[in-house]
1. Give me the distance in nm between label points sitting 7 Å out from Cα along the Cα-to-Cβ direction at residue 115 and residue 305, one decimal.
2. P(r) for the chain: what percent of alpha-carbon pairs falls in each 10 Å bin, starting at zero?
3. Report the extension gain between residue 425 and residue 128 in nm, rounded to one decimal, defined as 0.36 nm multiplied by the number of residues separating them, less their alpha carbon distance.
4. Using only the alpha carbon atoms of the range 47-174, find the Kirkwood hydrodynamic radius as the inverse mean reciprocal pair distance, in angstroms to one decimal.
5. Relative to the longest principal Cα axis of the chain, at what angle does helix 2-21 sit, 0 to 90 degrees, rounded to 10?
6. Counting only DSSP beta bridges with both residues in the chain, what percent are antiparallel, rounded to the nearest 5?
7. How far is helix 484-493 tilted off the main Cα axis of the chain, in degrees rounded to 10, range 0 to 90?
8. Quick check on packing: order 182-188, 432-438 by the mean number of other C-beta atoms within 10 Å, highest mean leading.
Ligand code: TNX
């Protein structure tokens, strides 16, 4: 009975939708881009089983059906509808029901193979519809990002397109190699607005990135509101801050919450970073009491590193740090809080150890798990502390010892992952201290064999940091991140066995029409056969 009722409702919805749809829809199928293949996806899926008989065509009658009772699945369905409606012009109602008689894209929680885990999915395409099954909403969302790439590139257009919306038939079973697939934005050297950050989140989520690390403080600027130390933002993040004095701005707590929520809706967890005990000039030039001699140094707008240090022997330092950690932890739902720890050249080794041994328990006190740049492993921290490797070499004794003890490592080797390095000598933006990084360099390494003694089990995942010394706008961010970000995303998601430059560069080249329609200002690397 209930089912009948639902069907009637569906048919009414579909019928109502039709008159509004058909007038503008093409009478005959228009020519379209070359047919997509199931394996034409970045990052490469784990298993693809094409079935040439099974292609599905989106039509004005297609509905998006989500598991009844799952608000999160329904949200994924609505996001998918928002993605597919502008280009198709189809109504694509999102219905939390058990079945429909209409052609459907079904987003189902449960009934996925066990091996897809917490973030994977199974996607089936037949003539009758598409079914994505996952154990979690995150898995469903990942499946919808794959589906998006299986549709013609024109699906990224913002106006109705005369295209046959065919999805290739068959089955994909897909899940990540590593639990952590991150990207970092540096808001300190040049501030980036909420709109810029969320635009980047949209791009990241298409490549199954699941962590966004925000580098919130550095010598040149403090970018997050802390109520108990209010001048950190008004002065430390105020006019004249940033590299060359042209990167001012900060996130209020409301802004930060908005970024966190926006990212969470795309199954991305925000990790805030407060860099210390070095990289602290913005705080120390704002509050003289944070300096051992009580004298505020001048604000800095140059790009030097390694000259600042909090006052290690002063209790006030730890009151400051605790205030910051407490306030930041309170607005951060994710498990991690990054405490920097890099390039503390103005802090003695002994002081560095003292500092970390006082600060690490503060992170735990406020319910967070600490992460830090690889230098933090010098202090033999508890095994739940995560190290982010940013070296350019392939050995690091502290890191290998930590891995042997059980600490997990995020791999961000600067000469592979640093999105702020120039592509070649002519790149207008970026730095080159870690070398030039072409797409094949970003792609051509294995996170589990990069550092001696840090193997697959010790590697939590990968992250692509984007430092902002030379970057101002969203266009700048896009130009440095694309196409290298998808390369790092593939290293984090796809199996080691699938690693193949020829396959990757072909699939990457097929992303270009999508980026053009999305307005992504990518670097057209000569290494890639761009469509
Ligand atoms: C090194 S990587 C830094 C940053 C710079 C970056 C520029 C790291 C942990 N520290 O302070 O912004 O190089 O590429």
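1. Here the answer is 4.0 nm between the modelled labels.
2. Taking all Cα pairs of the chain, the binned fractions are 4, 18, 28, 24, 15, 8, 3, 0 percent.
3. Length difference between fully extended and current span is 101.8 nm.
4. Values: mean 1/r = 0.0701 Å⁻¹.
So the Kirkwood estimate lands at 14.3 Å.
5. That works out to roughly 90 degrees.
6. Values: 18 of 62 bridges.
If I count the DSSP bridges inside the chain, around 30 percent turn out antiparallel.
7. Helix 484-493 sits at roughly 80 degrees to that axis.
8. Working: 182-188: 26.6, 432-438: 16.3.
With the highest mean Cβ count within 10 Å placed first, the list reads 182-188, 432-438.
Readers should treat all values here as calculations from the given coordinates under stated rules, not as data from a laboratory. In this text the structure is predicted, and so the values were computed from the model without any measurement. Using ideal geometry, Cβ is built from the backbone for each residue, glycine included, and neighbour counts are taken over all protein chains shown.
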